[in-house]
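The values are calculated or read from the model by the stated rules, or taken from the named source; none is laboratory data. Computed from a predicted model, the values in this text were never measured in an experiment. Here the Cβ is made from the backbone with ideal geometry for all residues, glycine too, and neighbour counts use every protein chain on show.
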Amino acid sequence: MARYTGAVCRLCRREGQKLFLKGERCYSEKCAIAKRPTVPGQHGNGRKKVSEYGLQLRAKQKARRYYGVLENQFSSYFAQAERKPGMAGENLLRILESRLDNVVYRIGFASSRKEARQLVRHGHYTLNGKKANIPSIQLKAGDEVAVSSSSRQSEKIKAVVEANSARPVPKWLDVNREQLTAKVVELPNREDIDLDVAEHLIVELYSK
């Protein structure tokens with residue numbers, strides 16, 4: 001599958017804020033936003049007037065980069081969100097939040113969404129007792145995620161879980177760190193999603 005392989009810190013600088021793409025580094029003084037808070041490139045320091053389309057595009061790109069999905073997949077998610085009852089923008093964020101890799105990250109079983117995707121692909125987690133190695137699987141209320149039995153003694157997994165044990169867990173997820181399991185209590189509402197994303201601008205962009 002195609003995937004962005006460039007320097008992820010450039011993505012944060014392009015959006016002008018932390019996207020938390022590199023785990024612990026994002027919380028340290030080494031964070032690129034703290035060191036170089038300008039847009040990458042020769043003209044990064046210049047002031048430019050942003051058009052309405054530019055604002056909409058940046059909103060879409062920011063959401064894509066938060067969750068680490070590519071353009072075609074993001075467009076597919078938006079089409080899916082439009083078909084659901086309710087507001088398309090909120091439906092879109094709910095779909096993105098319910099991805100398996102995002103849930104693994106949210107419950108603190110990975111330091112970043114990128115690491116969560118990698119660990120999921122390597123078969124370190126189960127979904128409802130069965131091996132799950134597809135990061136884009138969409139979870140629903142009642143689903144249970146767990147560290148697989150073969151990975152519970154992995155020093156890598158132990159270190160990751162320990163390093164992220166203090167991270168707050170959204171209320172729509174219930175985590176048992178001793179058992180290395182988590183359950184989706186319900187799908188998140190907009191107020192449960194703490195990302196700075198203007199979803200209405202994304203809707204406007206796709207509605208043209």
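Here is how the numbers come out for the structure above:
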| quantity | calculated |
| --- | --- |
| Failed criterion for LEU92 (all others in (1) in the same structural domain as ALA159 (by TED's automatic domain parsing); (2) surrounded by 22 or more Cβ atoms within 10 Å (Cβ to Cβ) hold) | (1) |
| Test: residue in the stretch 50-59 that is under 15 Å from the mean Cα position of the chain (by Cα) and β-branched (Val, Ile, Thr) | no |
| Residue among LEU173, LEU187, LEU195 that alone is modelled with pLDDT of 95 or more, of a type outside the set (Lys, Arg) and out of contact with any strand residue (DSSP E or B) (no Cβ under 9 Å at 6 or more places or on another chain) | LEU187 |
| Tally, over the stretch 59-70, of residues that are of a type in the set (A, V, I, L, M) and part of a helix (DSSP H, G or I) | 2 |
| Flag if ILE202 is crowded, with 20+ Cβ neighbours inside 10 Å, within 27 Å of LYS62 (Cα to Cα), of a type in the set (A, V, I, L, M, F, W, C) and out of contact with any helix residue (DSSP H, G or I) (no Cβ under 9 Å at 6 or more places or on another chain) | no |
| Search result, residues across the stretch 149-173 that are part of a helix (DSSP H, G or I) and farther than 18 Å from ARG113 by Cα | SER149, SER150, SER151, GLU155 |
| Single condition ALA146 does not satisfy, out of (1) touching a residue at least 12 places away in the same chain (Cβ under 8 Å); (2) over 11 Å from ASP101 (Cβ atoms); (3) assigned to a loop (DSSP other than H, G, I, E, B) | (3) |
| Residue that is among the basic types (Lys, Arg) and within 14 Å of TYR206 (Cβ to Cβ), where the choices are ARG113, ARG94, ARG83 | ARG83 |
| From the options SER98, SER149, SER76, residue that is among the hydroxyl-bearing types (Ser, Thr, Tyr) and in contact with a Leu (Cβ under 7 Å, 6 or more places away or on another chain) | SER98 |
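Condition check ((1) farther than 21 Å from VAL169 by Cα; (2) modelled with pLDDT under 95; (3) among the aromatic types (Phe, Trp, Tyr)) across all residues:
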| site | (1), (2), (3) |
| --- | --- |
| PHE74 | yes, no, yes |
| ARG94 | no, no, no |
| GLU97 | no, no, no |
| ARG106 | no, no, no |
| PHE109 | no, no, yes |
| HIS124 | no, no, no |
| PRO135 | no, no, no |
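Let's see how each residue does on (1) touching a helix residue (DSSP H, G or I) at 6+ places or on another chain (Cβ under 6 Å); (2) under 30 Å from GLY54 (Cβ atoms); (3) surrounded by 18 or more Cβ atoms within 10 Å (Cβ to Cβ):
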site: ARG117; (1), (2), (3): yes, yes, yes
site: VAL120; (1), (2), (3): yes, no, yes
site: THR126; (1), (2), (3): no, no, yes
site: GLU155; (1), (2), (3): no, no, no
site: GLU162; (1), (2), (3): no, no, no
site: GLU178; (1), (2), (3): no, no, no
site: ALA182; (1), (2), (3): no, no, yes
site: ALA198; (1), (2), (3): yes, yes, no
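Let's see how each residue does on (1) surrounded by 15 or more Cβ atoms within 10 Å (Cβ to Cβ); (2) modelled with pLDDT of 95 or more; (3) touching a helix residue (DSSP H, G or I) at 6+ places or on another chain (Cβ under 7 Å):
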{"position": "LYS18", "(1), (2), (3)": "yes, no, yes"}
{"position": "ARG25", "(1), (2), (3)": "yes, no, no"}
{"position": "CYS31", "(1), (2), (3)": "yes, no, yes"}
{"position": "ALA34", "(1), (2), (3)": "no, no, no"}
{"position": "ARG47", "(1), (2), (3)": "no, no, no"}
{"position": "GLY68", "(1), (2), (3)": "yes, no, yes"}
{"position": "GLN80", "(1), (2), (3)": "no, yes, yes"}
